[in-house]
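One structure below.
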Amino acid sequence: MAATKEEILATVREIVGPWRGRKGALIPLLQETQRVFGYLPSEAMEALSEEIRLPLAEIYGVATFYAQFHLEPRGRHVIRVCRGTACHVRGSLKLLERLKETLGVAEGGTTEDGRFTLEPVACLGACGLAPVMTIGDQTFGRVAAEKLPEILAPFR
């Protein structure tokens, strides 16, 4: 069940409390808001704007500038596929295409059941394991597209 606007406002007030009146608090406030809600819902952004008296456009500007912030709900399991040079040469595009087909989502999309979000990333820093993908905090190296059903099974 989704939170009501009043519940969201009360939660945002709690988040803002320790930061009230402090300069440079926007990023930590956005981080905590996202931690609580799982993403940055528009109602929470509006409440944050009112509570810290910053224009909503400025808050959205910061939230959309940094890749760590998300304006849409994300899947329980975030799958990141490396698109760096080593991974590309070793077949990460095929891996990404197979994941899109298997999950039925576009890049950056979340499955209808809210289980998976698929994100291509510039580099995962594991070139020796190329092609590499992560699911949450688990890393999978030398991934062949044919192995995806086996890799995804425990997360379903």
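Each value in this text was obtained by applying a stated rule to the coordinates, not by laboratory testing. Here the structure is a predicted model, which is why all the values come from computation and not from measurement. No Cβ is skipped: glycine too gets one built from the backbone with ideal geometry, and neighbour counts run over all protein chains shown.
See the values below:
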| quantity | calculated |
| --- | --- |
| Computed helical MRE - 222 nm, the chain, DSSP H runs ≥ 4 contributing -39500 (n - 2.57), nearest 500 | -12500 deg cm²/dmol |
| Listed values [x] 2, 9, 17, 17, 14, 12, 11, 9, 7, 3, 0; [y] 2, 9, 20, 25, 23, 16, 5, 1, 0; [z] 2, 8, 17, 22, 22, 17, 9, 3, 1, 0, entry calculated as P(r) over Cα pairs in 5 Å bins from 0, in percent | [x] |
| Relative exposure of D137, D113, judged by other C-beta atoms within 10 Å (fewest first) | D137, D113 |
| For segment 55-108, the Rg and Dmax computed from alpha carbons only, in angstrom | 14.9, 46 |
| K23-K5 pseudo-label distance in nm [points 7 Å out on the Cα-to-Cβ vector] | 3.4 nm |
| Cα radius of gyration and Dmax for segment 5-65 (Å) | 10.1, 28 |
| In Hz, Karplus ³J(HN,Hα) per residue of segment 22-32 (6.51, -1.76, 1.60; θ = phi - 60°; x = Gly, Pro) | 8, 6, x, 8, 4, 5, x, 5, 5, 4, 5 |
| For q = 0.14 Å⁻¹, Debye-computed log10 I/I(0) when each Cα of segment 77-155 counts as one equal scatterer | -0.37 |
| Coil-residue GluC sites (Glu not before Pro) of segment 92-156, DSSP, other Cβ within 10 Å capped at 13 | E107, E112 |
| Cysteines not pairable in the chain (beta carbon separation under 4.7 Å absent) | C123, C127 |
